[in-house]
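*Asks:* Have a look at this one before I ask anything.
The values are calculated or read from the model by the stated rules, or taken from the named source; none is laboratory data. Computed from a prediction, not measured in an experiment: that's the story for all the values here. Here Cβ is always computed from backbone atoms with ideal geometry, including for glycine, and neighbour counts include all displayed protein chains. The protein model used for the area step is the full one, side chains on, heavy atoms only, and it has no ligands, DNA or RNA in it. Shrake-Rupley method; radii C 1.70, N 1.55, O 1.52, S 1.80 Å.
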Amino acid sequence: KGMILLFKKDAGDRVEFSPETVDMYALQELILVAQIRLIIFFPKETGHFLDIMVPIALRILSQQKSIGLMILALQLLHTICNKIVNEQDLIQFKTAVESILGDLSDHPSSLFRQMVVGTRNLWSLLK
């Protein structure tokens, strides 16, 4: 309990890395959490990776496959906007972020909608 199962072991000590044995959602969750933690603790150093992080979050949000992944993607965008010091690094993503978040503003979950509005408002403050 409390652990994320990433790989299912076969009978031996060997771990198989095939699509059938990898929990892709758990793996994506782990990657998103790692990115959030990197930005929190090393905002200057991770600013160079925004070209990778922001599109990943936007893709997850636009696919709308897993609410858990979508919440983590929102948290990633929120953390990026709060922690990255150089706003110029973020401006290039502003329109895309606001567009995707605008599409999610009518999500059935009121809590998720509140998170979307909060994150969208934060990005809209960028000049």
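*Asks:* Kindly indicate whether I60 is within 12 Å of the chain's Cα centre (by Cα), part of a helix (DSSP H, G or I) and closer than 20 Å to D23 by Cβ.
*Replies:* yes
*Asks:* Another question, then. Could you check, for region 18-34, whether at least one of its residues is of a type outside the set (A, V, I, L, M), part of a helix (DSSP H, G or I), surrounded by fewer than 18 Cβ atoms within 10 Å (Cβ to Cβ) and at pLDDT 90 or above?
*Replies:* Within region 18-34 (the criterion being of a type outside the set (A, V, I, L, M), part of a helix (DSSP H, G or I), surrounded by fewer than 18 Cβ atoms within 10 Å (Cβ to Cβ) and at pLDDT 90 or above), the answer is no, since none of the residues qualifies.
*Asks:* Looking at (1) open to solvent by less than 60 Å² (accessible area, probe 1.4 Å); (2) assigned to a helix (DSSP H, G or I); (3) of a type in the set (S, T, Y), which is the only condition S105 fails?
*Replies:* Condition not satisfied by S105: (2).
*Asks:* Right, here's the next one. List every residue pair whose Cβ atoms lie under 6 Å apart, where the two residues are 6 or more positions apart in sequence or sit on different chains, the first residue falls within region 40-53 and is touching a residue at least 24 places away in the same chain (Cβ under 8 Å) and closer than 11 Å to V85 by Cα, and the second residue, located anywhere, is among the basic types (K, R) and in a helix (DSSP H, G or I).
*Replies:* P43/K83
*Asks:* Still on this structure, I have one more. Pairs please, first residue from region 73-99 and open to solvent by 70 Å² or more (accessible area, probe 1.4 Å), second anywhere and among the charged types (D, E, K, R) and not in a helix (DSSP H, G or I), Cβ atoms under 8 Å, 6+ apart in sequence or on different chains.
*Replies:* Correct list of pairs: E87/K127.
*Asks:* If a residue must be of a type in the set (S, T, Y) and closer than 16 Å to L32 by Cβ, how many such residues does region 79-106 contain?
*Replies:* Adding up the residues that qualify gives 1.
*Asks:* Then there is this: So is Q64 surrounded by 11 or more Cβ atoms within 10 Å (Cβ to Cβ), farther than 14 Å from W123 by Cα, modelled with pLDDT under 90 and not β-branched (V, I, T) or not?
*Replies:* yes
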